[in-house]
């Protein structure tokens, strides 16, 4: 009964993985997970019909399929981690067990196959644990579920290998349906269900994180966008016991003229150059975003009003000194900036942004290429 339950779970999850991966050419791990489950399910199906099958098939085929299945799962773990997954490494254990099985079939012995298969399966499960463990810094919760699921089955394979090593007498093709087999099958069922569920969950978690990142990023510059800037500023304002901070709005001077003279490609390069220069010159702990067409916003934390003005002016000078080249020509860039410090107005989003925008326009009206930190 447990063999059938394991096979059903594996085949169902294989269908789920196949469906999840359909149309997703960049996510090859779905097909590897699917293929791995199919191979494992076929191995268990063979064990279900073992009494009516020739001995040579039982010696060679099911263990070969089990090792192939875990080899494909290892490849899926590598692919999910965006690492190369060599087919030679993935299928080398299967070639080894196939050779061991053929030799054992000639001598009518099953013990070497049993021990080799379980040692290989243990090693493969440990390698899969390692692949997910090395990605733990991604902080995807399901990573630890997969580590536990594969760690559990690795321990069970190790126990089976030890059983083969210390088994008294000749080892039969059909292992007795004793408590040890039932425990192994129960562990396998838990593993199959958990590893499949967590594989689906971890893919969802990463896709959801990447979608959130995309929604909060500016495609052209790679900077956070206005939505991210608004969220961060609200967090800073609402934080209990928040230190003093400043909101600074930068605007590229004469940006329309840059577009007219160099084309939109030149304008895009000017925006990218500003983003690079700002990021290099900003103090650590600052938050910087593209908040409009040619507008950038910075949140400077832990700085006095005077210090934030000095930082903004340093950024202005860095932009002016930047060498921006496009289509064989140099683009001269300057920016104007308006600063609102948290000590100068009520700490509210609207009040601070209105003040920063007003001071930006003061800088523009005063001749551009300058920073204004106080109301005119």
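The values are calculated or read from the model by the stated rules, or taken from the named source; none is laboratory data. Since the structure is predicted, the reported quantities are computational estimates derived from the model, not experimental observations. No Cβ is skipped: glycine too gets one built from the backbone with ideal geometry, and neighbour counts run over all protein chains shown.
So that you can scan it fast, the table gives a plain yes or no per residue for (1) touching a residue at least 40 places away in the same chain (Cβ under 8 Å); (2) more than 19 Å from the chain's Cα centre (by Cα); (3) closer than 30 Å to residue 37 by Cα; (4) surrounded by 13 or more Cβ atoms within 10 Å (Cβ to Cβ):
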| site | (1), (2), (3), (4) |
| --- | --- |
| 196 | yes, no, yes, yes |
| 203 | yes, no, yes, yes |
| 210 | no, no, yes, no |
| 213 | no, no, no, no |
query: Has segment 263-284 got at least one residue that is in contact with a strand residue (DSSP E or B) (Cβ under 6 Å, 6 or more places away or on another chain) and in a loop (DSSP other than H, G, I, E, B)?
result: yes
task: Evaluate segment 241-255: report whether one residue or more is surrounded by fewer than 16 Cβ atoms within 10 Å (Cβ to Cβ) and part of a helix (DSSP H, G or I).
output: no
task: Mind telling me which of the residues 85, 77 ends up being modelled with pLDDT of 95 or more, surrounded by 14 or more Cβ atoms within 10 Å (Cβ to Cβ) and more than 24 Å from residue 47 (Cβ to Cβ)?
output: 77
message: Can you name every one of the helices (runs of 4 or more DSSP H) wholly within segment 1-108 that holds 3 or more residues which are closer than 17 Å to residue 124 by Cβ and within 33 Å of the chain's Cα centre (by Cα)?
response: 29-48, 55-80, 87-107
- request: Identify all residues within segment 342-376 that are in contact with a helix residue (DSSP H, G or I) (Cβ under 6 Å, 6 or more places away or on another chain), free of Cβ contacts under 8 Å to residues at least 24 places away in the same chain and surrounded by 15 or more Cβ atoms within 10 Å (Cβ to Cβ); write none if there are none.
  value: 345
message: So, in segment 221-240, how many residues would count as being within 30 Å of residue 330 (Cβ to Cβ) and either more than 30 Å from the chain's Cα centre (by Cα) or surrounded by fewer than 18 Cβ atoms within 10 Å (Cβ to Cβ) (or both)?
response: 2
query: Among 254, 234, 264, 184, which is the only one that is farther than 30 Å from residue 26 by Cα and not assigned by TED's automatic domain parsing to the domain that holds residue 341?
result: 184
